[in-house]
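Have a look at the structure below, then the notes.
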Amino acid sequence: IAYKIAKEREGKCISTKYINAQNHLQWECKNEYKWFATLNQIKNKKTWCPNYRQHTIYKRLTLDDAKKLAYTKNGECLSAEYINSKTPMQWKCEKGHQWFARIDSIRNHNTWCLKCNHYSIETAKEIAYNQNRECLSTIYKDNKTLLQWKCNKGHIWIAHLNSIKDLKNWCPYCRGFNKTITDMYKLAQQRNGKCLSEKYN
């Protein structure tokens, strides 16, 4: 039903799993703007894309807009240039934490410093979204939870949130590794055991 509703509105439902009507799914409008919303919110809203009136504004954003946005959150934008709304920029919160995120994520999803906020499955999906990737998992319990990720080249692997959240190029296959921590987890599972490490070098 999510795919049908999105198609009727000339958009797409990007999420691949549905749990219940309260679970956040990722959507994309015909202008390629992406956002998270529950199925109930989409069904009951009279409008579709939350930013449908502002697509032209996105094309006119500047580095000064990014710096002003950071200032409103008592932080800084550390990037030296603004390319477009889909390009990750570097940010710094008032506690000195630094991270990369897309400006549309900061502006429209009301996100800010990931370290200052409690982690959740939405955090994982937001991190992936900011790097133009995808978190395929639907449940996050704690920092020991293994999540499934997918890069923009279609590679899929398993990793902890902490092991990938600060990496810009975090797909092990794109980085040229023949073996990954995912392979180690599978090997241990095949032998009825567990691999307790979070990284494989």
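The table below lists the values:
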read-out: Single unsatisfied condition, T56 versus (1) over 18 Å from Y129 (Cβ atoms); (2) at pLDDT below 80; (3) surrounded by 15 or more Cβ atoms within 10 Å (Cβ to Cβ); value: (3)
read-out: Enumerated strands (runs of 3 or more DSSP E) restricted to segment 60-160, each holding at least 2 residues that are under 20 Å from L25 (Cα atoms) and touching a Leu at 6+ places or on another chain (Cβ under 8 Å); value: 146-150
read-out: Residue within segment 89-100 that is within 23 Å of T138 (Cβ to Cβ) and either touching a Phe, Trp or Tyr at 6+ places or on another chain (Cβ under 9 Å) or at pLDDT below 80 (or both) present; value: no
read-out: Pick from segment 175-197, criterion part of a loop (DSSP other than H, G, I, E, B) and at pLDDT 80 or above, ranking: nearest to A128 (Cα to Cα); value: C195
read-out: Lone qualifier among Y82, Y129, Y119 - being on the phi < 0 side of the Ramachandran plot and out of contact with any strand residue (DSSP E or B) (no Cβ under 8 Å at 6 or more places or on another chain); value: Y119
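Residues are listed down the side, and each one gets a yes or a no for (1) surrounded by fewer than 19 Cβ atoms within 10 Å (Cβ to Cβ); (2) modelled with pLDDT under 85; (3) closer than 19 Å to Y185 by Cα:
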| site | (1), (2), (3) |
| --- | --- |
| K144 | yes, yes, yes |
| K150 | yes, no, yes |
| I158 | yes, no, yes |
| L161 | no, yes, yes |
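The values are calculated or read from the model by the stated rules, or taken from the named source; none is laboratory data. If you're wondering where the values come from, they're calculated on a predicted model, not measured in any experiment. FYI the Cβ positions are ideal-geometry reconstructions off the backbone, even for glycines, and counts take in every protein chain you see.
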